[in-house]
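Asks: Please read through the structure below; I'll follow up with questions.
Laboratory data are not the source of any read-out in this text; all were calculated from the coordinates shown. Just so we're clear, the structure is a prediction, and the values are computed from it rather than from any experiment. All Cβ positions, even for glycine, are placed from backbone atoms using ideal geometry, and neighbour counts span all protein chains on display.
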Amino acid sequence: MVEGEAVILDLEGKKVMGLNAVGSFVWGLLDGTRTVGGIADAVARQFDVGSDRATADVVSFLAALTARGLIDT
């Protein structure tokens with residue numbers, strides 16, 4: 001973490017990804033015990049956004065991470 005933002009190294013794709021504050025927050029919640037809905041609720045509370053938007057953004061972000069092989073869902 002650098003100034004509240006995470007950097008992820010994708011060894012397979014040999015890329016470095018910088019995550020903004022929301023992405024870093026979500027990354028920190030990925031512990032294998034939380035549901036997508038639970039993560040979206042936490043994002044909505046933390047960043048004062050609507051539940052629908054938080055859910056859509058979290059689903060999209062997790063799909064991108066999954067597609068890159070960075071997480072398993």
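Asks: Using only the Cα atoms of the range 34-73, what semi-axes does the equivalent ellipsoid have when each is the square root of 5 times a gyration tensor eigenvalue? Give whole Å, largest first.
Replies: In descending order the semi-axes read 20, 10, 7 Å.
Asks: Next up: Is there a quick way to get the dipole size of the range 7-67? I mean about its Cα centre, with the Cβ of Lys and Arg at +1 and of Asp and Glu at -1; what is the value in debye to the nearest 20? Could the numbers behind the result be given before it?
Replies: On the way: 5 positive and 7 negative charges, 22 e Å.
For this selection, approximately 100 debye.
Asks: Listing Thr33, Thr66 from the residue with the fewest other Cβ atoms within 10 Å to the one with the most, what is the order? List each step's numbers first, then the result.
Replies: Working: Thr33 7, Thr66 12.
Fewest-to-most ranking of Thr33, Thr66: Thr33, Thr66.
Asks: Ala42: net charge of surrounding residues, Cβ under 14 Å, Lys/Arg +1, Asp/Glu -1, itself excluded?
Replies: Net of charged neighbours comes to -1.
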